[in-house]
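The values are calculated or read from the model by the stated rules, or taken from the named source; none is laboratory data. Not measured: the values here are computed from a predicted model. Here the Cβ positions follow ideal geometry from the backbone for every residue, glycine too, while neighbour counts run over all protein chains shown.
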Amino acid sequence: MFLKYLIDHTKTLGFKVSAWYSTFYIISSFFLFGITYYFISVTLTNQDHEEIFLELSEIASVYENNGIKAVENFISQSDNLSRTKPLFIRIADDENKTIQIFNKKFWGNFNISFIENFLLDNSKKWLQIDDFDRKYVLDVTSTQLSNGQWIQVGMSSEGRVKILNNLSKIFIVIMILLFVIGLIGGIFLSYLTLRPIRNVIESVQSIEVGKMAKKLPRPMTGDELDELTELFNHMIENINRLILNMKNSLDNVAHDLRTPLTRLRNLAEMALLENSQKDTQINALQTCLEESDQILKILDTIMDISEAESGSMNIDLKVENISKLSERIIDMYQIVADEKKVKINSSIPDRLELMIDATRIGQVIANVFDNAIKFTPAEGTIDFAIFPDNNKIKIVIKDTGIGIPKEDLPKIWNRLYRGDQSRTSKGFGLGLSIAKGIVEAHHGKIELDSEPNKGTTFTIALPK
Ligand code: ADP
């Protein structure tokens, strides 16, 4: 199953992350290996050179004190010199002509006759002779004896090159193993880590159009994926609510338009009756006009709400005296309130200026005020207050009316929603939706607090 996942998912995020990580790891390992290789190579070369210097001074003193035979004995006695790590030992005259080369059999691969071409000096410089295969180098150093002859000692780089080659091979094998383990391990880890994302993908795929009731199971790990799942569920909930709202709105529009349209049709039918009088026809036409205006008003308001909700409402912002605007609206409603025996108390400062679209905000205040009067029985009161509060201006409209049941509160802002008790009063259930849309288009907030049979308080907060 995991192998199938591995083969199928070379394009997945998990695979890519692991591949990038492994590649980065390999590159940095190569860099580290390069540095290590360099230091080991320098150390080995220094070690070899030190050994050569040591042997050179020893052999020089043996030769000077006891002659060539003694050198031969010294070499054959020193087992490790002749077998495991042979030394190149050469005695030359003062003109660098070879007197004797010891252990000659070991140096068949090197062009040692070429050594006579070098100009020798005593500064401990290194002569380097390549082998015929150009694989190894013979490092040679020289010292001049008191009689003018030269003693040279050298060593092939074969030993250290072999060590370094083995090191490279081991490194490459380890790197390949680590790369494969890193890649497989990375994919496995990301397979585990990304499992919640796959769950989200599978769940989203299983959601069919129109069937969005399903929720994603939360991993409950408290990490980002858990948060993502929660946000996704929240989003589904919002979409569901929007779809339901749209459906209800459509049902309501159809229902609310049906009555005036039927009336319109009946009127036209009556006017067309053969024996109808001219007066009746004119009256019918007038009522038709009124009904059509009513329908157009509903449709205009619905479109206004859509514009406000989508953020495309045309708002003409100007500095306005909101105190004066409020007073005008209260004056307008005073007659209706007096007729209903509802008392209006208002607390409005002399002058309060704000950047608003006066027509639209006037519409908001009027809608809320209209509801307050509509839903407040005789002898009730409406308190209207407007005041600055921090960086906002608050408008509070409080009535002692019938109130709104708790279960209806969330629906109150929906288009065409009308409470059961308000079915008999006039209105289309659009007043609060448009009010909310306009306030939000002004970056403000409209809230309400209500208790059935006690009253309702609407608070509109507009930024200064
Ligand atoms: P309507 O045209 O029906 O007044 P609104 O959108 O203005 O439409 O209001 C929606 C519903 O909210 C009303 O039908 C009513 O049930 C309820 N409502 C609004 N304001 C008040 C209030 N001040 N008191 C009680 N109920 C209210």
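If the condition is being hydrophobic (A, V, I, L, M, F, W, C) and farther than 26 Å from VAL161 by Cβ, then the range 35-69 contributes ALA60, VAL62, ILE68. Looking at SER306, SER292, just one residue is within 27 Å of GLY437 (Cα to Cα), within 46 Å of the chain's Cα centre (by Cα) and free of Cβ contacts under 8 Å to residues at least 60 places away in the same chain, and that residue is SER306. Residues that are closer than 17 Å to MET246 by Cβ, among the hydrophobic types (A, V, I, L, M, F, W, C), at pLDDT below 85 and within 49 Å of the chain's Cα centre (by Cα): does the range 312-324 have at least one? No: zero hits. With respect to ALA19, determine if the residue is touching a helix residue (DSSP H, G or I) at 6+ places or on another chain (Cβ under 9 Å), part of a helix (DSSP H, G or I) and free of Cβ contacts under 8 Å to residues at least 24 places away in the same chain. Judged against the criteria, ALA19 is not a match.
Only residues that are charged (D, E, K, R) and either within 12 Å of the ligand (Cβ to nearest atom) or at pLDDT below 95 (or both): list them for the range 393-425, please. Please lay out each step first, then the result.
We begin by selecting, within the range 393-425, every residue charged (D, E, K, R); these are 394, 398-399, 406-408, 411, 415, 418, 420, 423.
LYS398, ASP399, LYS406, GLU407, ASP408, LYS411, ARG415, ARG418, ASP420, ARG423 - these are the residues of the range 393-425 that are charged (D, E, K, R) and either within 12 Å of the ligand (Cβ to nearest atom) or at pLDDT below 95 (or both).
If you go through the range 344-397 and pick out every residue that is among the basic types (Lys, Arg), over 43 Å from the mean Cα position of the chain (by Cα) and surrounded by fewer than 17 Cβ atoms within 10 Å (Cβ to Cβ), you end up with 1. So which pairs qualify, if the first residue must be in the range 422-447 and under 20 Å from ASP293 (Cβ atoms) and among the β-branched types (Val, Ile, Thr), the second must be modelled with pLDDT of 90 or more and within 7 Å of the ligand (Cβ to nearest atom), the Cβ gap must be under 8 Å, and the two must be at least 6 apart or on different chains? Cβ pairs passing all conditions: ILE434/ASN367.
Against the numbered list (1) within 8 Å of the ligand (Cβ to nearest atom); (2) closer than 28 Å to SER310 by Cα; (3) at pLDDT 90 or above; (4) touching a helix residue (DSSP H, G or I) at 6+ places or on another chain (Cβ under 7 Å), PHE428 comes up short only at (3).
Name the residue, out of ASN122, ASN96, that is modelled with pLDDT under 85 and over 20 Å from SER157 (Cα atoms). Outline the logic, then answer.
Values: ASN96 fails: modelled with pLDDT under 85.
Testing whether each residue is modelled with pLDDT under 85 and over 20 Å from SER157 (Cα atoms) leaves just ASN122.
Here's the yes/no breakdown for (1) surrounded by 11 or more Cβ atoms within 10 Å (Cβ to Cβ); (2) part of a helix (DSSP H, G or I); (3) touching a strand residue (DSSP E or B) at 6+ places or on another chain (Cβ under 8 Å):
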| position | (1), (2), (3) |
| --- | --- |
| ILE187 | yes, yes, no |
| VAL200 | yes, yes, no |
| THR221 | yes, no, no |
| ASN240 | yes, yes, no |
| HIS255 | no, yes, no |
| CYS288 | yes, yes, no |
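Answer with yes or no whether ILE386 is within 22 Å of LYS324 (Cβ to Cβ), modelled with pLDDT of 95 or more and not acidic (Asp, Glu). Don't jump to the end; show me each part of the working.
On the way: within 22 Å of LYS324 (Cβ to Cβ): yes; modelled with pLDDT of 95 or more: yes; not acidic (Asp, Glu): yes.
Yes: the conditions hold for ILE386.
With respect to (1) acidic (Asp, Glu); (2) surrounded by 16 or more Cβ atoms within 10 Å (Cβ to Cβ); (3) at pLDDT below 85, the lone exception for ASP279 is condition (2).
Hey, can you tell me all the residues within the range 360-380 that are in a helix (DSSP H, G or I) and within 10 Å of the ligand (Cβ to nearest atom)? The answer is ASN367, VAL368, PHE369, ASP370, ASN371, ALA372, ILE373, LYS374. Restricted to the range 381-391, and to residues there that are without any contact (Cβ under 8 Å) to a residue 40 or more places away in the chain and within 15 Å of the ligand (Cβ to nearest atom), the residue that is farthest from LYS343 (Cα to Cα) is ASP383.
For the range 250-289, filtering for residues that are touching a helix residue (DSSP H, G or I) at 6+ places or on another chain (Cβ under 8 Å) and touching a residue at least 40 places away in the same chain (Cβ under 8 Å) leaves 3.
Here ILE315 meets each of (1) touching a residue at least 60 places away in the same chain (Cβ under 8 Å); (2) within 30 Å of LEU462 (Cα to Cα); (3) assigned to a helix (DSSP H, G or I) with one exception, condition (3).
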